[in-house]
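Working notes, structure below.
Taken together, the values in this text are just the output of simple stated rules run on the coordinates, not laboratory data. The model shown is predicted, which means the values in this text are computed figures rather than measured ones. Heads up, the Cβs are rebuilt from the backbone with ideal geometry, glycines too, and the neighbour counts pull from every protein chain shown.
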């Protein structure tokens, strides 16, 4: 099974996988509503609005791995939409690390960051940028979504703007 085929569920319970995004640029981010990095939701939504029509999407994976996510799916959905205006797809809560890590994250964490370090997700808002060529680019939590390295990879991986 490839990374693209690993099943997961949307926040509304429908089964899906990254295969539905084949040929596009995807930014997978583990999110948490009560984290000090939650203002990154705003920049994630800006990326979605800027590049969504060109074949890009952010996918948010709520996680309570660091004890900073709301308890219920409904609370997460309401927080994301009313506080940050999130329109990008949100998935159901997952575990990121350890023997009960979701298979998607078990695979994603095998990929190194820009310093060559793979392994556990270190905190909320860790980012994995998947490009159409199959590459996985990993960015640690404090790297802002609008960091030039992320934006540059998005722009070079998408078709030119019309």
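Couple of notes before you dig in:
- D (Stokes-Einstein, µm²/s), Kirkwood Cα radius, region 1-141, 1.567 mPa s at 4 °C: 86 µm²/s
- Hydrodynamic analysis of region 85-143 uses the Kirkwood radius over alpha carbon pairs. Inserted into Stokes-Einstein at 4 °C and 1.567 mPa s, it gives a translational diffusion coefficient of 104 µm²/s.
- Full extension of the chain between residue 117 and residue 100 gives 4.0 nm of extra length, using 0.36 nm per residue less the Cα-Cα distance.
- Averaging Cα coordinates gives a centre for region 30-44 and one for region 144-162; these two points are 20 Å apart.
- Relative packing of peptides 51-64, 126-139, 69-82, 11-24 - highest average C-beta neighbours within 10 Å first: 51-64, 126-139, 69-82, 11-24
- Theoretical ellipticity at 222 nm over the chain - DSSP helices of four or more residues, -39500 (n - 2.57) apiece, nearest 500: -7000 deg cm²/dmol
- Computed FRET value (nearest 0.05) for residue 83 with residue 136, which takes r as the C-beta separation and R₀ as 25 Å: 0.30
- Region 1-45: mean projected area of Cα convex hull, nm²: 4.2 nm²
- Modelled FRET efficiency - R0 35 Å, residue 9 with residue 155, Cβ distances, 0.05 increments: 0.70
- Ranked by the mean number of other Cβ atoms within 10 Å per residue, highest first, peptides 110-118, 97-105 order as 97-105, 110-118.
- Stretchable slack from residue 22 to residue 75, in nm (0.36 nm times residue separation minus alpha-carbon distance): 16.1 nm
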